[in-house]
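Engineer: Right, I'll just put the structure down here and ask away after.
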Amino acid sequence: MPEPATAPIPTTTTPTAPPVAPAVRRAHPALVLTGIVLASLNMRAALAGVSPVMSGISDHFGLTATASSLVTTIPLLFMGLGSIVAPRLARRFGTEAVLCGALALLCGGILLRVAPPAAALFVGCALVGTAIALLNVLMPGLVKRDFPDRAASMTAVYSTTLILGATGSAAAAVPLENALGGWQGSLASWALLAAVAVVVWLPQAVWARRARRDAGAGAGLATGAAGAGGSSGPDLLRSPLAWQVTLLMGTQSLVAYVCIAWMPTVFTDNGMSKGQAGIVYAFYTLVQMAGSFFVPIVAGRLRDQRVPAVVVVLLMAAGVTGLLVAPVAGAWVWATLMGVAQGGLLGLALTLMVLRTRDAQTASRLSGMAQTWGYLLASMGPFAIGAVHEATGGWTLPVGLLLVACAALLFLGLGAGRARKI
């Protein structure tokens, strides 16, 4: 089946949304795509660069394994909480203004993480998570609004760029740590990327504000947070399909952030050097681009997405099993399998937000629901795995729990992959 957005379907969305998208496209056609790419680069870079230098952070503040996991858990928690307010902010101030503000907040949060007191580290993590939440929620609706004829392919572009940012951050973390004299310089350097994105989004936010004023109505994506009241359209909280997409997003995010938090440590605890572990981890994030690019394109051409869902879940399960049995000997193989699968799962989850909805409003509302509940679920992963590792003194049980997550992903993929609409 062709991408469902090839012919816009008349809906009852609020009358404020139509004037904005044309204004943005008329004024800055190149900046829209450039802004999406730069925002996507920032959506994981600030998080992926933490794991390779986690030992330096832990040593500096004297953190236990469980406390160290909070550096990853806190952003995830606020990614879920921040997703609740994202649609409301977009209705109030406009999508472009919220995206620009989110990138500015991200820049400040990154810098705050490296301030001397330990409290600043955790507050900075909260700001980073909140900023990423705003970007996460608004991007699918923005893509459906401004690229209705190429929704799946544009989803592939931004999800792949998102992973490219994570790859660059993971690969450069240890070299930057060595070059800049510590983990602080390594983490702070990513504030520059966020600042560049702010510069690109600022004129778009100004133009959209003028368009809103000239139109005499609010702009942005008229959406409700997590299917809450105040928005027209189906009640997402009562939709089994919406919950299947939400839990698919949340479970794949749980696996992803467990890997972000602990994969290099699994390798080093099994005898691999810190530098090599960082390289393997960077390779794991790099190959995610293959899955994140091709799976949305394939899924967008199919009427039913259950087959790609099963394929990527089986690849993930094979990689996790290998990591459990021979973590160092087959590290490159497991990294490849898990990376392709992880990218594919992310791309599939994002694509289903578009394919399972009939209009940009519902797509954004579903995105808000999936990001809110999904990241709240995912936030438990790194902390729980860290606690189990600390309690057992090894990685057998923690890694084995990821196979349980794979079983859940298989069930959810079979449900959300069916050709239905919310």
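Engineer: Filter the range 259-278 down to the residues that are of a type outside the set (Val, Ile, Thr), in contact (Cβ under 8 Å) with a residue 24 or more places away in the chain and under 15 Å from TRP334 (Cα atoms) and list them by number.
Structural biologist: Correct list: CYS259, TRP262, MET263, PRO264, PHE267, ASN270, MET272, ALA277, GLY278.
Engineer: Here's a check for you: in the range 356-367, which residue that is assigned to a helix (DSSP H, G or I) and open to solvent by 10 Å² or more (accessible area, probe 1.4 Å) is modelled with the lowest pLDDT?
Structural biologist: ALA360
Engineer: Could you list, in sequence order, all residues of the range 330-349 that are at pLDDT below 90 and open to solvent by 10 Å² or more (accessible area, probe 1.4 Å)?
Structural biologist: Scanning the range 330-349 gives a single hit, LEU346.
Engineer: Conditions first: (1) in contact with a Phe, Trp or Tyr (Cβ under 9 Å, 6 or more places away or on another chain); (2) crowded, with 22+ Cβ neighbours inside 10 Å; (3) within 13 Å of SER292 (Cα to Cα). TYR158 passes all but one, so which condition is the exception?
Structural biologist: Against the list (1) in contact with a Phe, Trp or Tyr (Cβ under 9 Å, 6 or more places away or on another chain); (2) crowded, with 22+ Cβ neighbours inside 10 Å; (3) within 13 Å of SER292 (Cα to Cα), TYR158 comes up short only on (1).
Engineer: Also, quick follow-up: Taking only the range 109-124 into account, find how many residues are in contact with a helix residue (DSSP H, G or I) (Cβ under 8 Å, 6 or more places away or on another chain), surrounded by fewer than 18 Cβ atoms within 10 Å (Cβ to Cβ) and without any contact (Cβ under 8 Å) to a residue 24 or more places away in the chain.
Structural biologist: Total satisfying the criteria: 3.
Engineer: Take LEU135 and decide whether it is open to solvent by 10 Å² or more (accessible area, probe 1.4 Å), part of a helix (DSSP H, G or I), within 20 Å of ALA195 (Cβ to Cβ) and at pLDDT 85 or above.
Structural biologist: Against the criterion (open to solvent by 10 Å² or more (accessible area, probe 1.4 Å), part of a helix (DSSP H, G or I), within 20 Å of ALA195 (Cβ to Cβ) and at pLDDT 85 or above), LEU135 does not qualify.
Engineer: While we're looking at this one, here's another question. Which residue out of GLY300, GLY278, GLY271, GLY330 is small (Gly, Ala, Ser), farther than 30 Å from LEU176 by Cα and out of contact with any Phe, Trp or Tyr (no Cβ under 6 Å at 6 or more places or on another chain)?
Structural biologist: Residue meeting the stated conditions: GLY300.
Engineer: Oh, and also: Assess whether ALA317 counts as being of a type outside the set (Asp, Glu) and touching a Cys at 6+ places or on another chain (Cβ under 6 Å).
Structural biologist: In short, yes.
Engineer: Tell me which residues, restricted to the range 375-422, are assigned to a helix (DSSP H, G or I) and β-branched (Val, Ile, Thr).
Structural biologist: Residues satisfying the conditions are ILE385, VAL388, THR392, THR396, VAL399, VAL404.
Engineer: Same structure, new question: For the range 290-321, give me the residue count where each residue is open to solvent by 40 Å² or more (accessible area, probe 1.4 Å) and either modelled with pLDDT of 90 or more or part of a helix (DSSP H, G or I) (or both).
Structural biologist: 14
Engineer: Which residue, of PHE93, PHE78, is open to solvent by 30 Å² or more (accessible area, probe 1.4 Å) and in contact with a helix residue (DSSP H, G or I) (Cβ under 6 Å, 6 or more places away or on another chain)?
Structural biologist: Checking each option against the conditions leaves just PHE78.
Engineer: In addition: Among the listed residues ALA120, ALA97, identify the single one that is assigned to a helix (DSSP H, G or I) and farther than 28 Å from THR155 by Cβ.
Structural biologist: ALA120
Engineer: Something else now. On the basis of being out of contact with any helix residue (DSSP H, G or I) (no Cβ under 6 Å at 6 or more places or on another chain) and either of a type in the set (Asp, Glu) or over 15 Å from SER367 (Cα atoms) (or both), does SER55 make the cut?
Structural biologist: Yes, satisfied.
Engineer: Moving on. State whether the residues of the range 391-399 include one that is closer than 24 Å to ASN136 by Cα, among the hydrophobic types (A, V, I, L, M, F, W, C) and open to solvent by 10 Å² or more (accessible area, probe 1.4 Å).
Structural biologist: no
The values are calculated or read from the model by the stated rules, or taken from the named source; none is laboratory data. Given the structure is predicted, the values throughout are model-derived calculations rather than measurements. Don't worry about glycine lacking a Cβ; one is built from the backbone with ideal geometry, like all the others, and counts go over all protein chains shown. Keep in mind that these areas ignore ligands, DNA and RNA; they rest on the heavy atoms of the full protein, side chains included. Shrake-Rupley method; radii C 1.70, N 1.55, O 1.52, S 1.80 Å.
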